[in-house]
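Since every read-out is calculated from the coordinates, none of them should be taken as a lab result. This is a predicted model, so every value here is computed, not measured. Cβ: placed from backbone, ideal geometry, glycine included. Neighbour counts: every protein chain shown.
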Amino acid sequence: MAAEPLVLAGADERDLARLDEYRAIGGYTALEKARAMDPRAVIEEISTATLRGRGGAGFPMGRKLSLVQRPEQAGKPTYVVANADESEPGSFKDREIMRRVPHRFIEGCLISAHAIAAKHVFIYIRGEYLAEFEVLKRAADEARDAGLLGDVTLVVHRGAGAYICGEESALLESLEGKRGQPRPRPPFPPVSGLYASPTLINNVQTLATVPIILEHGGQWYADLGPERSPGTVVYSLSGNVARPGNYELPLGTTLRELIYDVGGGVPGGRQLKAIIPGGSSVPVFTPDEIDTPADFDSIQAAGSFLGSAAVIVVDDRACMVQLGLRAEKFYMHESCGKCTPCREGTRWLVQLLEKIEEGHAGQADLDLVISVCDRILGKSLCALGDFAVWCVSSYLEKYRDEFQRHVDEGGCPFGGESSLEGVFAPVDTHARPAEVPA
Amino acid sequence: MSAPEVVTVAIDGREVQVPKGTGLVETALAAGIEIPVFCYEPRLGPAIGACRMCLVEVEGAPKVQAACVLTAQDGMVVHTAQSSAEAAESQNAMLEFILVNHPLDCPVCDKGGECPLQDLTFRWGPGASRLTLPKRTFEKPIPISPTIALDRERCILCYRCTRFSESVAEDGQLIARNRGAQSVIATFEDEPYRAPFSGNVIELCPVGALTSTQYRFEARPWEIQNVPTVCGLCPVGCNVHATTREGKVKRILARNHPEVDGGWLCDKGRFGFTHLRADDRILDPLRRSGPRRYEELSWDEALDEAEGLLRAAQGKIVTALSGSETVEEAYALAKLLRRGLGAHSALLPEDVSPALDAFRLPLSAIAEAQLVVVLGDDPVAERAPIVDLWLRAARRAGAEVVTTEIGAPEGGLASAREDDLGARLRAAERTLLIWSGPGGQGGAPLASLAAELGFAERPGCGAFYLPETANGRGVADAWSAAADEDEGNPEPIGLLVVSGDEAAANPDVRALAEQAERVLAISMFRRPVAPWAHLVLPGTSYLERDGTYVNVEGRLQRLRRAVLPPCPDELAWLAKLAGRFGVELSPYPSQLFEEVSAVAYDGLAYGVVGEQAPLPGRVPMREAGEGGPAPRKPAGKGLRLVTYRPLFSGPAVERIPELQFQRPEAEVELSPQDARRLKVEAGRTVSVRSNGTSVQLRARLNGKLVRGVARVAAEHARGLGTHVDVAP
Amino acid sequence: MTLAEQIQDVAAQYPERLSALLPALRLAQERDGWLSPETLREVADALNVTPAHCQAVASFYDMLHLEPVGRHLVEVCTNISCALVGAQQVLEAFENQLGVKAGETTADGEVTLRALECAGGCGLAPVVVVDHGYREPVRPEEVPGIVEELRGG
């Protein structure tokens, strides 16, 4: 389990945010190597590596690269866009990568640009990450001054606070100076992305892995295993755990190893109550699912998603209705408002969960929550609608007794002692609402 | 071009063949199956898949798909709500979500009875609401302009209106504000939505969220009739429905003629009808009985009076026409005056020329063009508004639209002949010339250029002259159909016949009136003709007439009487009056049209000019180089003044309080170089002086103006001469 | 450099100028503290778009303020990972210390307090973001010190 880190390799020993330090460990030689190769050969290496995207969907990067039309075919320029809009609650790995190994990330962007003959790289970083933006900007300037960009223009573009912009088509809209609302797909970005041109869009960690693949070869990376999704993943561990943080580990580490061996277990003698294995959106696991290996396929086989590998540990002080309400208020706040089921459904779910938490709900309301979830699921324009449903419906399904007690006892069985009691969500204060009270 | 590939799609078990790439909604329609939609509207650009009402099952897809964003592919198997429980459940779900926050106030909603949401709820929706929690509530209605009211509670956020604003009219004024469930439709800081095409959002709205302030609470759909007619307020002749209730026009709706208007309508055409009920509308004949005083006459008295005036003039008559008369009306007037009285002298509303008939194309061809060159000094939107939308569509489709400089010699003709632009005009496919402004001589000089460029033989190439008046061409056709003698103005003028309010408002006509011994005016409104007309006979509006107009393309279109005028129409009394001079004149438009048609329109029958008129074929130009040289620009000191007649002006607009906010800003446009030289700053008020008149106007810099020229909307240039001094 | 000149510089980095809208709005907000209608007009002129479009975009993003905010901005993340380890207590400590509720600004216009959705600091929760700088983690007992620092600074 204590495999060597890849993406964060060397960052404990050196200040790799500095160009000279990064070059001292062989930084940017992969770029040099790639630029000496035919772009098709670069794509081939990445395909051989079977590198899967680390942004949440796990799409093979090699396939994505090969779908991007070349500029001469498309009659338009191509673009590389790095998705650094990390916003999934529980996820904070990209932040660490950008802060500690910005050059590796930039190098990955430049290699990818070579692979698709792009002359523009845009890094869309979430607006809140100011310190990381400054690190990246400095690193980009250093790379530019050292002549490493060649004829490529690299722009670090800051978002301004919208979770939905982590969705790739919404990100592209936002980057075009519009409201960050998802587009219908197809066409997918490799065909029609930024400015309706062929666009490669990948997550920070995915791109930061590219130099490693070029350095050691695709086959070397594929051999790291496990078979269908080799390499390491940076697990973001948070919540009720003794040693939260980012841990770069081989894919397939079990949740038990992660929470107990790496994370030091649940502190304060509390009991483990729930595990959210891939960021707040994914279906929850109960403690008896703790031996599931945390890789794409195993987690999916167990009924959830690895997502961004953000593992949130919940101890027995938390009321699951409150947890559901808090999660749903987030999705209501972050729903872009474009499609009907997500916009209207998230608000309705929040209303229903509030009613349950306050003890005013009847039996029919529990069924109504499930029904509303079913009516959103798979029908929204982008995945946010599904996210808003997976969490809540899994809480209700797996912790039905606790929801039932809210109905039966006419209120929260925690009697004000839940760790989430009264948690305030920003949804009510951020917008300038046009809504007036009835 | 090869024929498009045909694909076979199975929808609910029915196989249908359509060209590959046909939208799935249209494909289903071809199979006789309706897929319900709210946000989908192909005229707004690519589908956005927002409302999710059109969810269907597509075999091979992991989940239900929005049909609106899919296109027909060979072998596709689709199940709509009619054959798929999942699709039916999805539609039911979407309706439930849409209705969760909808107030269900259909009984008091203007849209009730013609509302897609109401209809779809009836057909697919749930019978009972499961929402017991508070709905979103908003302040309502919000006037987003004097003509449009917004009810945010009814809004289902389909984004049709904002897409229209952003990507059809491209005015960028109607927006969505905030995010998620807090999203609302809004304008910037609640300022009025001030743009020439704003009213289209009312018709696009699939619910009662955007309603017309003119139509609010005026009628229920089961009480109304829609009369298919043609707008008479500009030379485009947009096809419209006039909605009437109890003999009154209540609203105007677009009636899509894909070649003419694409289903859009400008706000003048949409909201301009209330001039019918203006407070100075003339209902009875009037005779001047003293300075500023008029007395009402009976029709018998009026005809006696008119006959007297006509006889007394002894043929020394000049007729001034407006260009808003129907072909039939102009012909009736011409027949009476020319055949009955030998009065051939006329002041036609504008120059016309048949030369451009050789380069005729439908307006919709603009959207398919590769290169469009716009010449002349007037903004296109002010002269023929829909043409502006076609030009925007062309630009979005990748066309290059070149506007020659304002104030350029010969309206820019010279630059279109120059090496660079000229070469491109010769090289490009689907090239169009558009003349927008005065001095175009009915398009004759433009026709010469088109002929030089070989447009007659090049497919997709053509030229348009944007006339000033709605039916200037038809009026000229009718005038010459009645007789073919030509005559200068008599000296002195015994009688000036002024036909229509536009003519009455024309300064040249006013000048003639001062020379004339007597004036007989036909006018809808009292203010333009009082106090200088001796006899005033009530006029009618395009909405009160049957007849034909010839539009900018040369297309004959049919006007249908939406409501009876409040007085006998022109044809009725002209026929009687003609009888007194031994002229046989029918009061029926069909009869009159046939007489004109025999001379001017190859005997085309009235009945053939249908509800959706076809474009006549090209007529070869008689000789090259038709049309004389352009009039010389007058010389003078200071900046040469270029004026244009704004869209929101004229007798109808002046009488509509809710359109006043659309009237042009009191601005003078200057070239940046002149502004610098004159030390004028953009946005500052300057004085514009000539002939002892001084007008205060805000300066606007326009890089498209040539040096030495200032442009002002005509109504802000009253009293100014051909040249002006501009000073801070 | 004027705002308009700064915006032109940023716009030059992009193949299409409209892409510079978010950076332009940020520059304007850095100058004025918030995006007033007048400021939105200025940005609109610089990029040749309508002020309405600027408002449509600005109102979509949480970090852009369409209302005045205090000289300092204190944001407490209250999303799940922070909430599980006491974010609410930190937020309440700020409310008590500042005498305002989340979403409000102190009467002297000095400090605006907001609750924030996940700031990406879940590993060192609860996160407080003070004037865009992360403080990780913050315990309720540290709140008076932070407020004093702001009031003093």
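Assorted remarks:
- Between A:Asp367 and B:Gln673, the FRET efficiency from the beta-carbon distance, with R0 = 60 Å, is close to 0.20.
- Rg/Rh, computed from the Cα trace of chain A with Rh as the Kirkwood radius, has the value 0.99.
- Selection from C:Thr2, A:Gly177, B:Pro196, by position along the positive dipole direction of the protein assembly as shown (Cβ): B:Pro196
- Förster radius 56 Å - calculated FRET efficiency between A:Asp316 and A:Leu224 (Cβ-Cβ, nearest 0.05): 0.90
- Rounded to two decimals, the Cα radius of gyration of the stretch C:11-103 over 2.2 N^0.38 Å is 1.37.
- Peptides ranked, highest mean first, by Cβ atoms within 10 Å: ranges B:643-655, B:439-451, B:101-113: B:439-451, B:643-655, B:101-113
- Mean Cβ neighbour count within 10 Å, used as a protection proxy, ranking B:405-414, B:287-296, B:231-240 highest first: B:231-240, B:405-414, B:287-296
- For chain A, the longest principal axis of the Cα atoms and the long axis of helix A:204-216 meet at an angle of about 40 degrees.
- Largest GNM mean-square fluctuation among A:His157, A:His406, A:His216, using chain A with Cα springs under 10 Å: A:His216.
- Along the axis of the charge dipole computed for the protein assembly as shown (Cβ charges of +1 for Lys and Arg, -1 for Asp and Glu, origin at the Cα centre), the listed residues B:Cys231, B:Pro103, C:Val127 are led at the positive end by B:Cys231.
- Placing a pseudo-label 7 Å from each Cα along the Cα-to-Cβ vector at B:Ala635 and B:Glu86 gives an inter-label distance of 8.3 nm.
- Largest-first ellipsoid semi-axes for the stretch A:336-423, taking √(5λ) over the Cα gyration tensor eigenvalues, angstrom: 25, 13, 11
- Selection of GluC sites (Glu not before Pro), the stretch A:9-49, meeting DSSP coil and at most 10 other Cβ within 10 Å: A:Glu13
- Cross-link partners of B:Lys679 among aspartates and glutamates, defined as those whose alpha carbon lies under 20 angstrom from its own and excluding same-chain residues fewer than eight positions apart: B:Glu667, B:Glu669, B:Asp725.
- Diffusion coefficient (Stokes-Einstein, Kirkwood radius over C-alpha pairs, 37 °C, 0.692 mPa s) for the stretch A:317-382: 270 µm²/s, rounded to a whole number.
- Pairs from the list A:Lys329/A:Lys379; A:Lys329/A:Lys398; A:Lys273/A:Lys355; A:Lys178/B:Lys20; A:Lys93/C:Lys101 with a Cα-Cα gap above 30 Å: A:Lys178/B:Lys20; A:Lys93/C:Lys101.
- Per-residue mean of foreign Cβ neighbours for A:159-166 is 5 (Cβ atoms of other chains, 10 Å radius).
- With both labels modelled 7 Å from their Cα along Cα-to-Cβ, the B:Arg458 to B:Arg527 distance reads 4.8 nm.
- Farthest towards the positive end of the charge dipole of the protein assembly as shown, among the residues B:Tyr601, B:Ala504, C:Cys54, is the Cα of B:Ala504, using unit charges on the Cβ of Lys, Arg, Asp and Glu.
- Dimensionless Rg ratio for the stretch A:116-218, taking C-alpha atoms and the 2.2 N^0.38 Å reference: 1.14
- Cα shape, the stretch A:269-346, gyration tensor, a/c 1.5 rule: oblate
- Cα gyration tensor shape of the stretch B:1-91, rounded if a/c is under 1.5, else prolate or oblate by comparing a/b with b/c: oblate
- Each Lys and Arg Cβ is given +1 and each Asp and Glu Cβ -1; about its Cα centre, the protein assembly as shown then shows a dipole of about 2280 debye.
- Modelled label reach - B:Arg395, point 7 Å along Cα→Cβ, the stretch B:164-193 residues with backbone N closer than 11 Å: B:169-171
- Take every Cα pair under 8 Å whose residues are at least 6 apart in sequence, average their separation, divide by the length of chain C, and the relative contact order is 19 percent.
- DSSP beta bridge pairing in the protein assembly as shown, given as percent antiparallel to the nearest 5: 55
- Inter-label distance, A:Lys119 to A:Ala57: 2.8 nm, where each label sits 7 Å from its Cα along the C-beta direction.
- Rounded tilt (10° steps) of A:384-398 against the dominant C-alpha axis of chain A: 50
- Adding -39500 (n - 2.57) for every DSSP H run of four residues or longer, then dividing by how many residues chain B holds, sets the calculated 222 nm ellipticity at -6500 deg cm²/dmol.
- Looking at the stretch C:1-98, the GluC sites (Glu not before Pro) that sit in a DSSP loop and have at most 14 other Cβ atoms within 10 Å of their own Cβ are C:Glu16.
- Considering all different alpha carbon pairs of chain B, the Kirkwood hydrodynamic radius works out to 28.0 Å.
- Per-q log10 I(q)/I(0), the stretch C:57-153, q = 0.12, 0.13, 0.20, 0.25 Å⁻¹ (Debye; single scatterer per alpha-carbon; no solvent): -0.34, -0.40, -0.94, -1.37
- Counted charge near B:Pro46, where neighbours are those whose Cβ lies closer than 15 Å (Asp, Glu -1; Lys, Arg +1): +3
- Computed Kirkwood radius, in angstrom, where 1/r is averaged over Cα pairs of the stretch B:602-725: 17.9
- Computed over the stretch A:18-110, relative contact order equals 29 percent, with contacts defined as Cα pairs under 8 Å that lie 6+ residues apart.
- Fraction of the pair-distance distribution of the protein assembly as shown above 41 Å, Cα-Cα pairs, percent: 55
- Each peptide in B:174-184, B:589-599 receives the mean, over its residues, of other Cβ atoms within 10 Å, and ordering these scores from highest gives B:174-184, B:589-599.
- Relative contact order [Cα under 8 Å, 6+ residues apart], the stretch B:310-395, whole percent: 27
- Loop-resident sites, the stretch A:331-429, for GluC sites (Glu not before Pro), counting at most 13 other Cβ within 10 Å (DSSP): A:Glu409, A:Glu417
- Helices in chain A, meaning DSSP H runs of at least 4 residues, each add -39500 (n - 2.57). Divided by all residues, the mean residue ellipticity at 222 nm is -12000 deg cm²/dmol.
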